[in-house]
1. Residue check: is residue 92 in a loop (DSSP other than H, G, I, E, B) and either polar (S, T, N, Q) or surrounded by 14 or more Cβ atoms within 10 Å (Cβ to Cβ) (or both)?
2. Can you pull out every residue in region 1-24 that is modelled with pLDDT of 90 or more, among the aliphatic types (A, V, I, L, M) and over 18 Å from the mean Cα position of the chain (by Cα)?
3. Please tell me if residue 121 is among the aliphatic types (A, V, I, L, M), modelled with pLDDT of 95 or more and out of contact with any strand residue (DSSP E or B) (no Cβ under 8 Å at 6 or more places or on another chain).
4. So residue 173 fits all but one of (1) under 17 Å from the mean Cα position of the chain (by Cα); (2) surrounded by fewer than 18 Cβ atoms within 10 Å (Cβ to Cβ); (3) part of a helix (DSSP H, G or I); what number is the exception?
5. Restricting attention to region 104-115, which residues are closer than 30 Å to residue 178 by Cβ and either in a loop (DSSP other than H, G, I, E, B) or at pLDDT below 95 (or both)?
6. Quick check: is even one residue across region 45-52 in the same structural domain as residue 117 (by TED's automatic domain parsing) and over 17 Å from the mean Cα position of the chain (by Cα)?
7. If a residue must be surrounded by fewer than 18 Cβ atoms within 10 Å (Cβ to Cβ), among the small types (Gly, Ala, Ser) and in contact with a helix residue (DSSP H, G or I) (Cβ under 9 Å, 6 or more places away or on another chain), how many such residues does region 146-165 contain?
8. Looking at region 184-225, which of its residues are in a helix (DSSP H, G or I) and buried (at least 17 other Cβ atoms within 10 Å of the Cβ)?
Amino acid sequence: MESISNTEENYLKAIFKICETDDRAASTNAIAQEMQTSAASVSDMLKRLAKKQLIHYEKWKGVTLTDTGSQLATNLVRKHRLWEVFLKEKLQFTWDEVHEIAEQLEHIRSPKLIERLDQFLGHPKFDPHGDPIPDADGNFSYRKQIPLSSLKPGETGVIVGVQEHSPTFLQYLDRMKLVLGTRVRVMEQFEYDESVRLRVNDAQEILVSNKVSQNLFVEKAPPSSK
């Protein structure tokens, strides 16, 4: 197979992410937004990736990955998320810092290094943001998670992931103590703006916007005995 540049790998990962999230072909505009570049630049890159048989690309019909492209993208995602775990757990970076560093480390092309890294970390299933880490065979672990906004008043959940990974959002969650593993109970939902009043870890109560509750994933949990 022809050599793949770091930029080409980034495009494959972007297409993988869009298709995974939306469960459909990735549009040129969606890829441009994900890569923060112009639609014209995306079109040029898609032609290159199609020539290398890494994507299925038909103008106006969207983009999907070929088996080879999907394998490369999955491996890139695996490396990225393992590095995020390493950076947070072993080097004490915060969860809002790890993404940009992992973006650089994910392009290291040493299967043995990644195998050793996975072993060293104890074969983690999820990264610091709650995203699943594919195993060496490309298999993902999934769980029954729903947006916090789906919980009804009186229902309880444990935060297991975030939809948005921007540093400002993650820093906000830190300040509000809405990190992974936090137990939240919906006390009230306001019809006007769909904001919700939460009880956090059976202690203080806070008000969060609908945007925040849509970007937090929880697993339903039984109510506390407190």
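1. Yes; evaluated as a whole, the condition is true for this residue.
2. Passing the criteria: only 4.
3. yes
4. Only one criterion in (1) under 17 Å from the mean Cα position of the chain (by Cα); (2) surrounded by fewer than 18 Cβ atoms within 10 Å (Cβ to Cβ); (3) part of a helix (DSSP H, G or I) is unmet by residue 173, namely (2).
5. The one that is closer than 30 Å to residue 178 by Cβ and either in a loop (DSSP other than H, G, I, E, B) or at pLDDT below 95 (or both): 106.
6. For region 45-52, residues in the same structural domain as residue 117 (by TED's automatic domain parsing) and over 17 Å from the mean Cα position of the chain (by Cα): absent.
7. Adding up the residues that qualify gives 1.
8. Within region 184-225, 212, 213 qualify.
The values are calculated or read from the model by the stated rules, or taken from the named source; none is laboratory data. For clarity, every value in this text was computed on a predicted model and none was experimentally measured. In this analysis, Cβ positions are derived from the backbone assuming ideal geometry, glycine residues included, and neighbour counts consider all displayed protein chains.
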